[in-house]
1. What percentage of the solvent-accessible surface of the chain, computed with a 1.4 Å probe over protein heavy atoms, is contributed by carbon and sulfur atoms?
2. Measure out, as a whole number of angstrom, how far apart the alpha-carbon centroids of the range 159-191 and the range 201-218 sit.
3. Using only the alpha carbon atoms of the chain, find the Kirkwood hydrodynamic radius as the inverse mean reciprocal pair distance, in angstroms to one decimal.
4. I need the shape label for the range 116-208. Rule: rounded when a/c is under 1.5, else prolate if a/b > b/c, else oblate, with a, b, c from the alpha carbon gyration tensor.
5. Alpha carbon centre of the range 395-428 versus the range 283-341: separation in Å?
6. With every protein chain present, what is the per residue accessible area of the range 296-428 (1.4 Å probe, Å²)?
7. Tell me the trypsin sites (Lys or Arg not before Pro) within the range 360-413 that lie in a loop according to DSSP and have at most 15 other beta-carbon atoms within 10 Å.
8. Students often get this wrong, so check it: of K293/K320; K119/K263; K167/K263, which have C-alpha atoms separated by over 28 Å?
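The values are calculated or read from the model by the stated rules, or taken from the named source; none is laboratory data. Note that the structure is predicted; figures quoted are calculated from it, not measured. Here the Cβ positions follow ideal geometry from the backbone for every residue, glycine too, while neighbour counts run over all protein chains shown. Surface areas here come from the heavy atoms of the whole protein model, side chains and all, with no ligands, DNA or RNA. Shrake-Rupley method; radii C 1.70, N 1.55, O 1.52, S 1.80 Å.
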Amino acid sequence: MAETAILQVDGQSYELPVITGTEGERAIDISSLRSTTGMITLDDGYGNTGSCESAITFIDGEKGILRYRGVPIEDLATRSSFIEAAELLIFGELPDPEERDEFRQLLTENSALHRDMRKHFDGFPADAHPMAILSAMINALQAYDLPEIHITDSGGFRRAAAALLAKTRTIAAASYKSHIGQPIAYPRYDLPYAENFLHMMFSVPYRDYVPSPEVAHALNMFLVLHADHEQNCSTSTVRMVASGGANLFASVSAGVNALWGPKHGGANMAVVEMLQRIQSDGIPVSRYIDQAKDRSSGVRLMGFGHRIYRNFDPRAQILKTAAHDLLESMQIKDPLLDIAQQVEEAALADDYFRERRLYPNVDFYSGIILRAIGIPTDMFTVMFSIGRTPGWIAHWKEVHDNEAQRIHRPRQIYVGEPLTQWLPPAER
Ligand code: CMC
């Protein structure tokens, strides 16, 4: 017999179905709650609310498990590549060699921007934040690309997905080049994804930039680890926008904006700024930790804490080792890595962080890697966006393909003024 939960309210009993996911996660299905009881549920911040059923990513926050389409993140981070992980997320399975080649060809063919789009870069002020440029340009892509792409057939969708992945990388590098006043570097057709991005970022007309294999590997790993994280703030935004029927580019552009905030993707930038402040102002680590514990200080320990992970974030563990390996291979000594380790040790030994189960998250060590690669701090959240694009595309597709999809439209409990009379200005 199917399992049910009993809700008792106003002296009445209601039976609600209990549903179970493939990894044993359980939920009470309340989709008929309002029609049968007249009530809604209230869950500010959605900490207890499943917004959808999804077959893309599985997280067990207690055990520190993260899997894309069932494949453990540890295998993907160390043995796969960003584009292979992207294909897995977007199309549902690891590509065979033929699919791999075909998708790589699509990426190559779609990596350049429409010539007229280049004019847009001149319209932004020199100090415009690269996230503002990225979201605006991704939104603009639909004007240049969508008319030709029949997104509803599977070939058209493959091309749209490839175009978005390839052009997001081109836009990101072009926004950096515009910002520093250098000519935009064209994508090269012979380079893999990560190497091509580094070429567009750091090549200049008189010298090609060639990354070491260790740098290319570290960037690939960074991108794989950011590729999806189920119903986080930006992905939920993409799904919300997509549920209204918005196109792929408009939906992903909304995701970029949602990612920007310091509690979400902006945290990687905030971590490095925090470590730099501790270093330049000579703040003892213990004093900084005390400030982060004091709510009235307005200070948080950036790169610490996660809504889902309560014991460790597997991505943070992989990135910590990767940061050490990269710095060693490049023979760099970054004082911020030492400070980061001191902060981590001090926080993990402190009752405040232990009781609240706050651990380093993906953003804590990622900035050290990006700095070593030469990525400027204000581009860090853009790097997160490039990494998260496959996840956003996969979730857009899941919404788009669901014939039973309803528009996302939560309800609320109104706590404002009761019925109030309108008064003419002179009587107010
Ligand atoms: N430093 C100090 N105190 C913290 C921190 C922190 N980083 N994170 C949570 N707390 C405290 C918080 O003050 C609260 O304390 P109390 O119970 O006394 O009121 C308790 O821990 C629970 O925090 P919360 O804000 O209710 O937890 P949340 O699940 O709503 O927020 C979070 C999760 C990630 C937004 C939060 O931990 C945070 O702001 N961390 C710092 C920013 C950060 O690193 N963000 C990146 C997240 S991972 C990548 C991503 O999603 O983009």
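1. Numbers: 11030 of 21860 Å².
Its accessible area is 50 percent carbon and sulfur atoms.
2. If you average the Cα positions of each part, the centres end up 14 Å apart.
3. On the way: mean 1/r = 0.0426 Å⁻¹.
Taking the inverse mean of 1/r over all distinct Cα pairs, the chain comes out at 23.5 Å.
4. Details: a/c = 2.52, a/b = 1.38, b/c = 1.83.
The shape class here is oblate.
5. 39 Å
6. Values: 7240 Å² over 133 residues.
With all protein chains present, the range 296-428 gives 54 Å² per residue.
7. Values: sites: R371, R388, K397, R406, R411; in loops: R406, R411.
Here the sparse-neighbourhood loop sites are R406, R411.
8. Working: K293/K320 24 Å; K119/K263 33 Å; K167/K263 26 Å.
Correct reply: K119/K263.
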